[in-house]
Amino acid sequence: MKQSIKQAAAAAAAFALAGGPAFANPYAPYAGDTLVVNFPFSPHYDAVMKIIPQFTEETGIEVEVDQLQYLKMRERQTLELTKDRGDYDLIGYVVFSKADYVYADQLENLARYFMNPKLADPSYDPDDLIDAYVYNIGFAGGNKGYLEGKTGSLFGIPFGSETSILGYRTDIFDKHGLKVPETYDELLDVACRIPQLEPGMGGLSSRAASGHHASHAFLLHLAPLGGRIFDDNWQPIVNNAAGVKAAEALKTIVDCGPEGSETFGFAEAGAAFLQGQTAMFLDSTQFAGQVNDPSKSKVAGKVGWALHPRGVRRGSQTGGFGIGIPKNAQNKEAAFLLLQWLTSPRVDKMIALAGGNPSRFSTHADAEVNAKFPHMATFGEALRHADPDWRPIIPVWGKINADLGTSLSKVLTEGLDVQEALDGVAARTSDVMREAGYYTWD
Amino acid sequence: MSMRGAARATPYLFLAPAAAIMAVALLYPVAYMVYATFLDWNPSQRIGEAEFVGLRNYAFLLQDESFRESFVVTVKFAAIVVGAEMVIGVGLALLLDRRIRGMSFFRTVFIMPMMIAPIVVGIMWRYMYHPSVGPFNRLLKALGLEPVPWLSDGSWAFASVIIADVWQWTPFIFILALAALQSLPRSALEAARMDGASEWQQIWLIKLPLMAPVLVVTMLLRLIDAFKVLEVILVLTNGGPGLSTEILSLRISRTASEFRELGVAAAMSNLLLLMLLALTLAMFFYAKFAEARAQKQRRVAAAAAAAGA
């Protein structure tokens with residue numbers, strides 16, 4: 001009874017909105033429903049939180065948001081997704097969760113929603129979504145199981161995704177007549193010249209703490225320098241010449257970096273740059289929003305942005321978050337409507353203006369967005385070089401990542417030989433891959 | 001059933017509900033954990049879906065270098081911190097076991113570190129160890145000395161986590177040692193003084209031996225705790241640099257959440273549990289042994305007194 005009253009009211013609202021029965025409101029059947037969504041704490045999702053009330057206003061669908069720190073979020077989701085009836089209708093997930101969730105059959109394939117004429121918005125313009133992000137974050141089952149390819153399909157939409165970008169202090173570069181580095185050789189040269197030119201200042205702020213951070217920093221250099229973790233047959237090649245060069249680049253950067261940078265995580269590396277302790281920053285675009293915020297930054301107005309330097313190729317990182325619908329969600333169709341609304345061209349721009357990371361080319365090129373955030377055009381350019389295969393997204397990656405990160409930390413702090421460290425990682429990775437069944441067909 | 005049989009059963013009947021609750025609340029989770037050690041279980045699976053792999057997780061751990069390294073780190077850490085805390089804690093208690101003005105105030109100040117939440121302790125020390133803005137390095141620089149790589153060098157990082165732990169947990173030993181000191185029979189000390197024993201002789205020959213039962217229990221409690229420490233190290237170093245401060249409990253937590261191998265994490269927890277169980281049994285047997293010895297001494301003393309009379 002209550003449901004039918006709700007539906008009647010919704011239909012009446014729809015009628016009023018559309019102005020007549022000929023233009024039915026696609027949201028009407030779900031008006032009055034409440035969606036429970038699980039999002040991470042990140043600058044992007046903080047911007048999203050400002051926009052969500054407008055969704056309710058436009059559609060009549062209520063949204064309750066459970067926002068968590070991203071690792072906590074992942075833990076919560078892992079438990080939540082194994083239940084018969086889940087509490088979440090829509091989840092923001094970390095890119096490396098894609099492999100786990102899709103492999104465990106816990107995310108809805110989005111095909112049947114985009115095929116449903118009552119749900120799919122014809123003006124959605126999927127081709128405007130940034131390719132590398134879509135393949136990196138939303139796509140599964142293609143080449144290597146996690147990349148673009150004929151056998152793949154879509155399980156999520158990039159939302160709050162990011163690539164890597166070089167931030168530099170325009171005042172310092174101007175003062176010493178330095179050229180903004182375009183290649184890795186130039187980058188390493190400038191990084192080590194700055195501490196001599198500006199005593200007490202580090203060259204480039206990099207994360208390097210044992211574990212995930214050291215591994216992430218290494219991977220940032222690995223792709224542009226021509227390396228990969230695996231070859232096409234899943235044999236580890238992280239210890240080849242390109243791998244060694246990437247690790248040596250990391251070591252040079254840390255050695256010429258600010259004091260104590262061997263233990264920096266992402267936050268500390270960022271803080272060092274914001275506090276004016278380093279002249280460059282090379283990491284996620286997610287960081288950019290804080291640079292000109294005087295409450296957090298001492299370098300507001302003094303930062304320029306450039307593309308992630310080129311090694312033998314361009315290859316900036318792809319990462320961040322996507323959104324998807326859990327298999328055990330209670331209101332999947334309404335959840336899809338929210339997913340589609342949030343990632344539509346119009347709302348993507350609204351979120352960008354509120355300080356979020358856009359997922360669309362059109363938003364990066366938008367005049368209004370560029371007027372407010374001048375760096376957006378450079379970021380859009382960087383996205384063309386974003387590499388969806390800069391790190392493998394496979395279920396056993398967590399373990400390999402940790403091993404890589406601790407071994408590199410030993411290189412940075414205990415003087416372990418680079419080649420020896422990477423040979424060790426390759427050998428252990430090989431064991432992990434064998435154990436996980438990757439060599440079954442050899 | 002006869003009346004006598006019923007009477008004999010009565011206490012067990014009364015105990016039954018408590019025993020049932022114990023079994024469910026205490027043994028069931030432990031049994032669950034032990035069962036999980038035989039599974040290849042990732043957190044995206046329900047336990048029923050996990051594959052049974054027998055002893056594979058244990059076999060893996062025994063040949064896993066990182067596990068061995070973290071085991072050695074744990075044992076080294078526990079031995080050093082508990083050793084240092086015992087010496088400092090008991091030393092402080094011996095020094096402060098006297099009537100000084102404002103003594104109760106100092107005692108309260110001394111036990112304050114123990115009351116701070118471990119995460120906060122971690123954050124606080126992380127700041128103090130900060131290479132450029134931390135007070136330690138600033139002091140060193142002000143004195144014209146070389147700054148120390150507190151957290152960015154393996155050996156220094158290990159020393160740094162030890163310093164933080166000693167700072168936080170020495171007070172625990174201090175209060176227990178002080179309580180033990182204050183409950184010592186004054187007559188024994190007075191007798192020693194009248195016989196001309198020096199301060200050192202009193203400490204070595206009277207106070208410490210009499211305090212020994214309490215000290216051993218305190219030490220074992222601290223050892224058990226030191227084997228399980230997690231938060232402070234998690235915040236301070238997250239196990240790094242390399243694996244230099246990766247204590248077992250941290251490795252267990254990473255195995256479960258980062259590597260997503262609940263079976264291996266359970267097996268590690270189980271090994272830790274067995275080790276702690278051995279320590280607890282040692283504590284139990286020591287208590288029994290000490291009690292038996294004390295009783296024997298009392299009997300001998302009583303017999304001697306009787307003979308003297």
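Quick note: the coordinates plus some simple rules give every number you see, no bench work behind them. The shown structure was predicted, so the numbers you read here are calculated from the model rather than taken from an experiment. For neighbour counting, all protein chains shown are included, and Cβ atoms are generated from backbone atoms with ideal geometry for every residue, glycine included.
Pairs from the list A:Lys72/A:Lys410; A:Lys245/A:Lys410; A:Lys251/A:Lys410; A:Lys175/A:Lys296; A:Lys50/A:Lys372; B:Lys207/B:Lys228 with a Cα-Cα gap above 20 Å: A:Lys72/A:Lys410; A:Lys175/A:Lys296; B:Lys207/B:Lys228.
For the residues B:Trp169, B:Trp150, B:Trp200, a GNM of chain B with alpha-carbon springs under 10 Å puts the largest fluctuation on B:Trp200. Output the antiparallel fraction of DSSP beta bridges having both residues in chain A, as a percent to the nearest 5. The answer is about 65 percent antiparallel. Positive end of the dipole of the stretch B:66-303 (Cβ unit charges, origin at the Cα centre): among B:Phe158, B:Gly239, B:Met275, the Cα lying farthest that way belongs to B:Met275. For chain A, the longest principal axis of the Cα atoms and the long axis of helix A:212-222 meet at an angle of about 80 degrees.
Neighbours of B:Ala78 by Cβ distance under 13 Å: Lys/Arg scored +1, Asp/Glu scored -1, total 0.
Paramagnetic label reach from A:Gln235 (point 7 Å along Cα→Cβ; backbone nitrogen cut-off under 18 Å): within the stretch A:386-427, residues A:422-427. Each of A:Tyr135, B:Tyr35, A:Tyr70 was scored by other Cβ atoms within 10 Å of its Cβ. Listed from fewest to most, they are B:Tyr35, A:Tyr70, A:Tyr135. Mean per-residue shielding of peptide A:260-267 is 5, counting Cβ atoms of other chains within 10 Å of each Cβ.
Relative to the first principal axis of the alpha-carbon coordinates of chain A, what is the inclination of helix A:332-342, with its axis defined by its Cα atoms, in degrees from 0 to 90 and to the nearest 10? Once rounded, one gets 60 degrees. Peptide A:209-218 has a mean of 4 when you count, residue by residue, the C-beta atoms of other protein chains within 10 Å of its C-beta. Over all other residues within a Cβ to Cβ distance under 15 Å of A:His375, the charged ones net out to -3, with Lys and Arg as +1 and Asp and Glu as -1. Angle of helix A:241-255 to the longest C-alpha principal axis of chain A, folded into 0 to 90 degrees and rounded to 10: 80°. Highest GNM mean-square fluctuation among B:Leu27, B:Leu15, B:Leu274, for chain B modelled with Cα contacts below 10 Å: B:Leu15. For A:Thr163, the residues whose modelled amide H falls within less than 5 Å of its own, excluding neighbours fewer than 5 places apart on the same chain, are A:Thr285, A:Gln286. Near A:Asp84, once Lys and Arg are set to +1 and Asp and Glu to -1 for all other residues with Cβ below 14 Å from its Cβ, the sum equals 0. Database remark: amide H of B:Leu39 closer than 5 angstrom to the amide H of B:Val53 (H placed geometrically; neighbours at sequence offset of 5 or more, or on other chains; Pro and chain starts carry no H).
Cross-link partners for A:Lys179 among the lysines, with Cα-Cα distance under 18 Å and sequence neighbours closer than 8 places in the same chain left out: A:Lys302. Taking the Cα atoms of the stretch A:214-370, the ratio Rg/Rh between the radius of gyration and the Kirkwood radius comes to 1.03.
Taking label positions 7 Å along the Cα-Cβ direction at both B:Phe285 and B:Ile203, the computed distance is 3.2 nm, reported to one decimal. Given Cβ point charges of +1 (Lys, Arg) and -1 (Asp, Glu) and nothing else, what value in debye, to the nearest 20, does the dipole of the stretch A:303-442 about its Cα centre take? Around 560 debye, computed over the stretch A:303-442.
Extension gain, B:Thr10 to B:Leu55, is 11.9 nm, computed as 0.36 nm per intervening residue step minus the present C-alpha separation. Applying the Karplus relation 6.51 cos²θ - 1.76 cosθ + 1.60 with θ = phi - 60° to the stretch A:266-271 yields 3J(HN,Hα) values of 4, 5, 6, 4, x, 4 Hz, where x marks Gly and Pro. Estimated from helices alone, the mean residue ellipticity of chain A at 222 nm is -13000 deg cm²/dmol (sum of -39500 (n - 2.57) over DSSP H runs with n ≥ 4, per residue). The reciprocal of the average 1/r between distinct C-alpha atoms defines the Kirkwood hydrodynamic radius, which for the protein assembly as shown equals 29.8 Å. Over the stretch B:66-303, Cα pairs under 8 Å with separation of 6+ residues give a relative contact order of 29 percent. For the stretch B:66-303, the Cα gyration tensor yields ellipsoid semi-axes of 38, 26, 13 Å (square root of five times each eigenvalue, largest first, whole Å).
P(r) tail, chain A: Cα-Cα pairs separated by more than 30 Å, 46% of all pairs. As a rough guide to protection, the peptides B:212-222, A:110-120 ranked by mean Cβ packing within 10 Å, highest first, stand as B:212-222, A:110-120.
Taking amide hydrogens as placed 1.01 Å from N in the peptide plane, the amide H of A:Gln67 sits under 5 Å from those of A:Phe39, each at least 5 positions away in sequence or on another chain. Partner shielding of B:53-66 amounts to 1, given as the average count of beta-carbon atoms from other chains within 10 Å of each residue beta-carbon.
Taking the DSSP beta bridges with both ends in the protein assembly as shown, the antiparallel portion is around 65 percent.
Scanning chain B for long hydrophobic helices, with DSSP H runs required to stretch 27 angstrom or more by C-alpha along their axis and to average at least -0.5 on the Kyte-Doolittle scale, returns B:3-22, B:65-96, B:154-182, B:208-228, B:262-308.
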